[in-house]
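The values are calculated or read from the model by the stated rules, or taken from the named source; none is laboratory data. Predicted model, so just to flag it, every value in this text is computed and none were measured. Cβ: placed from backbone, ideal geometry, glycine included. Neighbour counts: every protein chain shown. Accessible surface is based on the protein model in full, side chains and every heavy atom, while ligands, DNA and RNA are left aside. Shrake-Rupley method; radii C 1.70, N 1.55, O 1.52, S 1.80 Å.
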Amino acid sequence: MLSISNLHVSIGGKPIIDGLSLHVPAGEVHAVMGPNGAGKSTLSYTLAGRAGYAVTAGSASLDGEDLLALTPDQRAARGVFLSFQYPLEIPGVPALTFIRTALNAQHKARGEPETSAPEFLKRVREAAGRLRMDMDMLKRGLNVGFSGGEKKRMEILQMLMLEPRFLILDETDSGLDIDALRIVSEGVNALRSPDRGMLVITHYQRLLDYIRPDRVHVLAAGRIVASGGPELALELEREGYDKYARAA
Amino acid sequence: MAALQDTIDTVEALAGGERYKHGFVTDLEQEFAPKGLSEDIVRFISAKKNEPEWMLEWRLDAYRRWLAMDEPDWAKVDFPKIDYQDAYYYAAPKEKVGPKSLDEVDPELLRTYEKLGIPLREQAVLAGVEGAPRIAVDAVFDSVSVATTFRAELAKSGVIFCPISEALRDHPDLVRKYLATVVPTTDNYFACLNSAVFSDGSFVYIPPGVRCPMELSTYFRINASGTGQFERTLIIADKGSYVSYLEGCTAPMRDENQLHAAVVELVALEDAEIKYSTVQNWYPGDPETGRGGIYNFVTKRADCRGDRSKVSWTQVETGSAITWKYPSCILRGEGSQGEFYSIAITNGRQQADTGTKMIHLGANTRSRIIAKGISAGRSTSTYRGLVSAHPKALGARNFTQCDSLLIGKDCAAHTVPYVEARNAHCTFEHEATTTRLSDDQLFYCQSRGLDAEAAVALLVNGFVRDVLQQLPMEFAVEAQKLVAVSLEGSVG
Ligand SMILES: Nc1ncnc2c1ncn2[C@@H]1O[C@H](COP(=O)(O)OP(=O)(O)OP(=O)(O)O)[C@@H](O)[C@H]1O
Ligand SMILES: [Mg+2]
């Protein structure tokens with residue numbers, strides 16, 4: 001599924017990702033943890049194709065296809081989805097319009113038929129219901145005036161609607177209250193399947209109580225410095241990043 | 001980003017490599033007045049229209065006054081001096097004289113309007129989807145109206161909708177009573193020129209208490225080369241009546257600049273309401289070199305003459321090399337209301353200086369201005385607005401919101417508000433913002449599967465949503481597409 005090998009990324013000439021390698025097979029959920037400023041968001045933006053993130057060496061591919069050669073929208077059409085750590089506000093564009101436009105664009109890029117309006121509405125209602133979101137929220141400008149937690153729910157709603165094949169969740173848990181954390185996690189878990197992969201970036205074990213990872217990686221100073229099973233997250237929770245920060 | 005540029009190139013290739021989709025020329029036999037401007041040309045035009053003597057005198061008077069005026073230069077637009085002798089002031093498709101049914105209209109013309117997506121066949125409209133809106137159309141081709149639809153049906157409710165040249169013959173008293181009462185002949189240089197040489201346009205009269213049973217619209221098409229278009233529109237909404245009117249405009253792609261100097265006058269009597277929408281898509285000129293394109297120098301004004309009358313202007317300005325216009329409201333009647341909703345998009349080398357004037361004369365008059373300017377490429381866009389309240393306009397209120405969106409780094413936006421309150425009992429509010437299209441928002445949209453062009457279109461449509469919502473539903477969709485098309489090639 002996702003293969004990253006010896007990736008180097010600079011922003012404005014400053015190296016941030018420094019020889020990172022990571023492999024997420026289809027059907028698996030991998031957690032990435034690491035101190036503030038380690039490069040976790042940089043990794044997720046690089047995978048999504050944000051401009052200004054210069055790959056100076058290494059590779060990243062999805063099912064053998066070179067991701068780095070694709071535009072962000074092409075990556076989205078291939079099934080890459082990033083749930084943003086800080087979702088953007090789009091004034092004047094209701095979430096319904098936004099999601100419909102995105103879905104149509106992806107269908108078109110893949111040569112699939114458009115989802116009909118009634119079918120779309122039915123699916124949105126279902127997804128919003130699952131995330132306990134009020135349909136009225138979907139009629140206002142996307143994320144405009146939403147609370148931090150509401151924005152995160154909106155990311156997951158988009159994800160449920162777009163049904164991506166590879167999911168990157170960048171601190172989706174931050175800003176969520178206890179109930180929302182459970183509801184959102186259930187939404188994410190609903191997408192777990194043998195042909196999907198997930199990269200879950202988080203600082204806290206409590207998210208991983210809901211979304212059980214197959215593997216846990218520690219990202220420090222721009223590279224993966226340790227990898228292990230779910231127990232690694234528990235160890236980090238107890239002992240912090242001290243020893244890895246030193247190792248990096 | 002090279003990959004991004006590829007996407008943009010692909011999109012443009014798909015669009016036929018041609019951003020302006022109405023740039024074709026209709027090949028048909030046309031009749032012209034001799035080139036240039038003189039008293040003889042004014043006589044020629046008046047004779048062509050079989051006008052009454054008083055009308056000819058009125059035109060000649062305007063012409064003489066125009067000769068004594070100077071071209072204004074206060075707008076923030078820049079163009080070489082216009083040679084008024086180097087243009088044709090009358091061009092019309094050759095045809096038999098007299099009024100005609102649609103069957104007699106040159107099929108080439110009908111094909112032209114079909115290509116532009118304008119419904120001229122009443123049956124075609126009627127045969128459409130159940131409940132589809134019906135729209136009466138007056139089609140003005142260069143200097144003449146070539147067809148006006150649904151007239152018989154409109155006449156049943158007493159509504160007059162016809163070319164102004166015909167109204168001058170059939171309803172001279174009405175025309176004479178209202179013509180130039182809103183925009184006086186010498187109001188400004190271009191209005192004065194228009195008064196001398198205007199050739200056609202629409203005339204609308206809604207009788208007291210009548211709600212016009214369908215949308216009325218006029219489509220202006222400049223086709224002939226080397227001509228100017230000078231149309232004149234006069235709309236009168238009598239007491240307690242209502243009408244919604246839309247005008248659309250397109251022109252072929254040519255290397256030369258063509259002048260379009262129109263005058264639009266609206267009169268709303270007691271309790272009457274006029275909703276006037278414009279989708280202006282004249283040829284904007286070449287985006288790289290700036291060659292060609294229409295000079296759109298237009299005077300549009302409404303007189304809210306009666307108490308509690310209301311006029312709302314909605315405009316989507318995407319075309320023209322230069323746009324210079326300020327649809328205005330004179331709020332004379334007590335409690336009358338004026339609204340101005342505007343989207344002005346400039347791209348390539350376009351220049352727009354547009355806005356509105358709200359002149360509060362009566363007590364408790366209200367006005368509302370929402371102007372959205374979008375500049376891309378190397379274009380400039382200026383919002384110029386005047387809100388004034390006269391001593392008698394006690395309790396006058398205005399709200400103005402003026403937002404500019406910049407795309408790229410080579411464009412410019414200016415806001416020039418003028419405010420005059422001549423009494424102490426009025427409330428004027430003004431809000432203005434300028435934002436640059438954010439890379440972060442663009443990336444967010446792209447990461448969901450929208451290509452660069454679609455992302456810009458979506459963000460811009462969000463920016464102008466408040467105004468788009470003011471357009472009649474059936475035109476809002478068209479306008480939304482137009483917004484996307486006019487911004488093609490603006491990112492990368
Ligand atoms: N545009 C930029 N210009 C310069 N430095 C940047 C830029 N964006 C990020 N950085 C730097 O890159 C480093 C990694 O940032 P990144 O956002 O990837 O960290 P993170 O691991 O996601 O942290 P957190 O846990 O706080 O979200 C930081 O030192 C940050 O300051
Ligand atoms: Mg981060």
Just the number, please: carbon plus sulfur as a percent of the accessible area of the range B:261-388, 1.4 Å probe, no ligands or DNA/RNA counted. 41 percent
What do you get for the angle between helix A:95-109 and the principal long axis of chain A? Use alpha-carbon atoms, 0 to 90 degrees, nearest ten. 70 degrees
Test item: A:47-55 mean partner chain Cβ contacts at 10 Å: 3
Could you order the peptides A:171-184, B:43-56 from most to least packed, using the average number of other C-beta atoms within 10 Å per residue? A:171-184, B:43-56
Over 20 Å [Cα-Cα, the range B:228-372], rounded percent: 46 percent
Want the number for B:THR434 to B:ALA152: 0.36 nm per residue separation, take away the alpha-carbon distance, what's left? 96.6 nm
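For the range A:35-135, state which chymotrypsin sites (Phe, Trp or Tyr not before Pro) are in a DSSP loop and have at most 14 other beta carbons lying within 10 Å of their beta carbon.
Sparse-neighbourhood loop chymotrypsin sites (Phe, Trp or Tyr not before Pro): none present.
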Give, rounded to the nearest 20 debye, the magnitude of the charge dipole that the protein assembly as shown has about its Cα centre when Lys and Arg contribute +1 at Cβ and Asp and Glu contribute -1 at Cβ. 1240 debye
Hey, which lysines would be in cross-link range of B:LYS239, C-alpha to C-alpha under 22 Å, not counting anything within fewer than 8 residues on its own chain? B:LYS156, B:LYS177, B:LYS275, B:LYS300, B:LYS310
I'd like the mean, over residues of A:180-193, of how many other protein chain beta carbons sit within 10 Å of each residue's own Cβ. 0
Taking the square root of 5λ for each eigenvalue of the C-alpha gyration tensor of the range B:158-282, the equivalent ellipsoid has semi-axes, largest first and in whole angstrom, of 26, 17, 12
Kirkwood Rh and Cα-based Rg: tell me the resulting Rg over Rh for chain A, rounded to two decimals. 0.96
Nearest-0.05 FRET efficiency for A:ASN36 and B:MET473 at R0 = 51 Å, using Cβ-Cβ distance, is 0.55
Provide a whole-number value for the mean count of partner chain Cβ atoms within 10 Å of the Cβ atoms in peptide A:141-147. 1
Can you give the Kirkwood hydrodynamic radius for chain B, in Å, rounded to one decimal and based on Cα pairs? 23.0 Å
Shape metrics for the range B:359-466, restricted to C-alpha atoms - Rg then Dmax, Å: 18.0, 57
Can you tell me the order of B:374-383, A:108-117, A:9-18 when each peptide is scored by its average per-residue count of other Cβ atoms within 10 angstrom, highest first? B:374-383, A:9-18, A:108-117
What fraction of the Cα pairs in the protein assembly as shown, stated in percent, has a spacing above 38 angstrom? 46 percent
The relative contact order of chain A, taking Cα pairs under 8 Å that sit 6 or more residues apart, comes to a percentage of 28 percent
So what is the relative contact order of chain B, in percent, for Cα pairs below 8 Å that sit 6 or more residues apart? 11 percent
Positive-end residue, the range A:151-248 charge dipole about Cα centroid, Cβ charges, pick of A:LEU219, A:LEU236, A:GLN158: A:LEU219
Kirkwood-type radius of the range B:359-403, with distances r between different C-alpha atoms, in Å: 12.2 Å
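For a protection proxy built on the mean count of beta-carbon atoms within 10 angstrom, sort B:185-192, B:356-363 highest first, please.
Highest mean packing first, the order is B:356-363, B:185-192.
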Rounded to the nearest 20 debye, dipole of the range B:177-283 from Cβ charges on Lys, Arg, Asp, Glu: 120 debye
Whenever you get a sec, line up B:TRP313, B:TRP58 from highest to lowest accessible area (probe 1.4 Å, protein heavy atoms). B:TRP58, B:TRP313
Rounded to the nearest 20 Debye, what is the dipole magnitude of chain A about its Cα centre when Lys and Arg each give +1 and Asp and Glu each give -1 at the C-beta? 320 debye
At q = 0.10, 0.11, 0.24 Å⁻¹, what is the log10 ratio I(q)/I(0) for the range A:8-101, with the Debye formula run over Cα points and no solvent? -0.31, -0.38, -1.46
Over the range B:404-490, how many percent of alpha carbon pairs lie in each 10 Å bin up to the one with the longest distance? 14, 36, 30, 14, 6, 1
Considering only DSSP beta bridges with both partners in the range A:66-214, what is the antiparallel share in %, to the nearest 5? 20 percent
Excluding ligands and nucleic acids, what accessible area in Å² is computed for A:GLU235 using a 1.4 Å probe, to the nearest 10? 40 Å²
Report the accessible surface area buried between chains B and A, summing both sides, using a 1.4 Å probe on protein heavy atoms only, in Å² rounded to the nearest 100. 2100 Å²
Largest first and to the nearest Å, give the Cα extent of the range A:81-202 along each principal axis. 38, 36, 22
